[in-house]
Amino acid sequence: MLGVGDDAAVLRPRPGFDLLATTDLLSEGVHFNLSWTSFYDLGVKAVAANISDIAAMGGTPTALLIALSLPPSTPAGRVDLFYRGVLDAAKPFSARLAGGDTTASPAGAGVTICVTALGEIERGRALTRSGARPGDLIFVSGTLGGSAGGLELLTHGTRFTPGRYRTDPVEEKPERSLIRAHLHPVPLVVLGRALAQGRLATAAIDVSDGLLADLGHIADESGVAAVVEIARIPVSPALRGVPRLGAKVESLAAAGGEDYELLFTARPEHAGKIERLARKCRFPVAPIGRVGPRRSGTPRVQTVDARGRTIRFEDLGYEHFRTAVRKRG
């Protein structure tokens, strides 16, 4: 592969593999706030979010293309910090920075980041959103609500600088754990690869817009409905360790978004294999519901309590073109 330094990168997909490509556009004031997000954090999160898309399809990330639009007054040191974050986040996955562009943004436009991530997967093995079928179980990895809890804390004045990117779990105070989850998410490439190679998932997506919203994407693409038991959703332990977030724990976990865990469906007969795989990969995975047929007049995603009674959430997750855009960190 020919990378940075020429007019274009040269990529050579391996024989027997399909090419994966994904792009994310991040705008200041919509997706991040520079009053609590450093340029290093921006580099980490921009890369992690895109590599997570590759992970959700069961692929291996290989290359990154990054376009950066900055106000002319931006110090060069901040640009260096941004790319240090990019390289630190890409290193664990051996993904290379293959090119991109940097330009000045118009007055008042702020910072805009466009990341394109490329990856590969064995031909015909890509996990998609369209494979879920009635009778499938619904699984989610890890715990949810940590990133949304971190954003909640940052929005209300709590400050913590995570420092250099790290992928190993750390013992720290709940507030710091939540903010780290928001600023430095970790893509689950190993788990996604294992699900694809084992042909265990029928559909998959990463939790970026929120569990209920992303499950809705699977339901729409697969033409099915989904029922989620609220009590089964694995909540970030750090959320319960911050008293002021207590009343919001369920909604943050169900609809908060940007946890970048893997949400997937699978046939019931594969549940045992998935549990063993999760233990081997050291990523907890929990069954949280079941896929059913789509019927007229029924919601695409229904949330219920342990007795099967419907629970309604005012916020179902992030919608990219909602009139009142919810600002992210």
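The values are calculated or read from the model by the stated rules, or taken from the named source; none is laboratory data. Bear in mind the structure is a predicted one, so any value in this text is a computation, not a measurement. Backbone-built Cβ (ideal geometry, glycine too); neighbour counts: all protein chains shown.
In region 131-161, of all residues being modelled with pLDDT of 95 or more and hydroxyl-bearing (Ser, Thr, Tyr), the one that is surrounded by the fewest Cβ atoms within 10 Å (Cβ to Cβ) corresponds to THR143.
Going by what's in this entry, would ARG282 be described as under 15 Å from ASP136 (Cβ atoms) and either of a type outside the set (Ser, Thr, Tyr) or within 17 Å of the chain's Cα centre (by Cα) (or both)? Let's see the steps before the verdict.
On the way: under 15 Å from ASP136 (Cβ atoms): no; either of a type outside the set (Ser, Thr, Tyr) or within 17 Å of the chain's Cα centre (by Cα) (or both): yes.
Taking the combined requirement at face value, the residue does not satisfy it.
Looking only at residues of region 5-17 that are more than 14 Å from PRO61 (Cβ to Cβ) and part of a strand (DSSP E or B), we find that the one that is modelled with the highest pLDDT is VAL10.
Kindly provide the set of residues from region 216-275 that are of a type in the set (Ser, Thr, Tyr) and within 17 Å of the chain's Cα centre (by Cα), ordered by number. If you could, list the steps in order and put the result at the bottom.
The initial filter retains those residues of region 216-275 that are of a type in the set (Ser, Thr, Tyr), namely 222, 236, 251, 260, 265.
The answer is SER236, TYR260, THR265.
Check whether at least one residue in region 182-189 is touching an Asp or Glu at 6+ places or on another chain (Cβ under 6 Å) and either closer than 25 Å to LEU97 by Cα or assigned to a loop (DSSP other than H, G, I, E, B) (or both), and report yes or no. Looking for residues that are touching an Asp or Glu at 6+ places or on another chain (Cβ under 6 Å) and either closer than 25 Å to LEU97 by Cα or assigned to a loop (DSSP other than H, G, I, E, B) (or both), one finds at least one in region 182-189, hence yes. For residues that are out of contact with any strand residue (DSSP E or B) (no Cβ under 9 Å at 6 or more places or on another chain) and farther than 22 Å from ALA132 by Cα, scanning just region 292-312, find the one that is modelled with the lowest pLDDT. Residue satisfying both the conditions and the ranking: ARG307.
Between ARG193, ARG232, ARG244, ARG240, the distinction of being modelled with pLDDT of 95 or more and surrounded by fewer than 19 Cβ atoms within 10 Å (Cβ to Cβ) belongs to ARG232 only.
Where strands (runs of 3 or more DSSP E) sit wholly within region 239-308, those with at least 2 residues that are more than 16 Å from ILE205 (Cα to Cα) occupy 285-293, 301-304.
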